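Below is one structure, written out as structure tokens; the observations come after it.
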Ligand code: URA
């Protein structure tokens, strides 16, 4: 489907909500497609909906989500600035780990979300998001807070907020990593401004050259 990106995203969300490809469709209350503006420069990818997410159809609305919101706000970001979604769109019963077949069945939805939103930075919340989007890399304890560039995408693996809920040391690490994320975003913003300024200057030069050509005749 091509056209208005907001309509394309809505269509994608509707397809996710109606998906019955894997057995999780039989145990879910609601699928949880994702939430946020199609213009978001930052995307956050978690593992799978939990109980509250399953009940509401919205990602990260339980206690891990509240911590995520606080962490974002601590570095001057609003939750509504981000597009937030998960590797799996349906809750695994009892919040068990996603199974490989479920991840495979759901994979094209996340790929479509990334292709549509084209964020500057993708925050990978926890090991399942890292394994899905950066397969073959070391564990999250080695990667957290690092900026990893693959093609035209930039990823930052972070500990999952749920892991930091009852672990003060992990929470401190997550807070520090969020400050690093803020720095990466500021750099991306500065690079975009420079590129726009360079493009503007090139256009002005081209216009001036074209005028000069005209005055020759
Ligand atoms: N944990 C996740 O990984 N995703 C959610 O949406 C909620 C909790």
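Model label sites at residue 182 and residue 204, defined 7 Å from Cα along the beta-carbon direction, differ in position by 3.3 nm. Helix 100-117 and the long axis of the chain differ in direction by around 30°, with both axes built from C-alpha atoms. Structural descriptor for the chain: relative contact order 19 percent, calculated from alpha carbon pairs under 8 angstrom and at least 6 residues apart. Our estimate of slack between residue 8 and residue 148, defined as 0.36 nm per intervening residue step minus the Cα-Cα distance, is 47.6 nm.
What number, rounded to the nearest 500 deg cm²/dmol, is the helix-based mean residue ellipticity at 222 nm of the chain, given -39500 (n - 2.57) per DSSP H run of at least four residues and division by all its residues?
Values: 9 runs with 116 residues, N = 217.
When only DSSP H runs of four or more count, the value is -17000 deg cm²/dmol.
Of the beta bridges in the chain, as assigned by DSSP with both residues counted there, near 20 percent are antiparallel.
Evaluate 2.2 N^0.38 Å with N set to the residue count of the chain, then give the Cα radius of gyration divided by it. Before the final figure, lay out each step's value.
Details: Rg = 20.2 Å, N = 217, 2.2 N^0.38 = 17.0 Å.
Relative to the rule-of-thumb radius for its length, the chain sits at 1.19.
Taking one quarter of the surface of the convex hull spanned by the alpha-carbon atoms of segment 66-124 gives a direction-averaged projected area of 5.0 nm².
Among 149-158, 135-144, how do they line up by average Cβ neighbours within 10 Å per residue, starting with the highest? Write out the running numbers ahead of the final one.
Values: 149-158: 16.5, 135-144: 12.7.
Final packing ranking: 149-158, 135-144.
In terms of surrounding Cβ atoms within a 10 Å radius of their Cβ, 19, 85, 90 rank from fewest to most as 19, 85, 90.
Computed on the Cα atoms alone, the convex hull of segment 1-111 gives a volume of 99 cubic angstrom per residue. Once the Cβ-Cβ distance of residue 211 and residue 189 is raised to the sixth power relative to R0 = 35 Å, the FRET efficiency obtained is 0.60. Here each label is just a point 7 Å from Cα along the line to Cβ, and for residue 175 and residue 15 those points are 4.2 nm apart. For the chain, a Gaussian network of Cα nodes joined below 10 Å ranks 192, 58, 179 by mean-square fluctuation, and the top entry is 192.
Using the Cβ-Cβ distance between residue 96 and residue 118 with R0 set to 30 Å, the FRET efficiency from 1/(1 + (r/R0)^6) comes to roughly 0.40. Does anyone have the angle between helix 5-17 and the longest principal axis of the chain? Alpha-carbon axes, 0 to 90°, nearest 10? So the helix axis and the longest Cα principal axis differ by about 10 degrees.
Its relative contact order, with pairs defined as Cα atoms under 8 Å and 6+ residues apart, puts segment 95-217 at 19 percent. Across segment 139-217, Cα-Cα distances exceeding 18 Å account for 61% of all pairs.
The numbers here are math on the coordinates, done by the rules we state, and not lab data. Owing to the predicted nature of the structure, the values given are computational and were not obtained by experimental measurement. Using ideal geometry, Cβ is built from the backbone for each residue, glycine included, and neighbour counts are taken over all protein chains shown.
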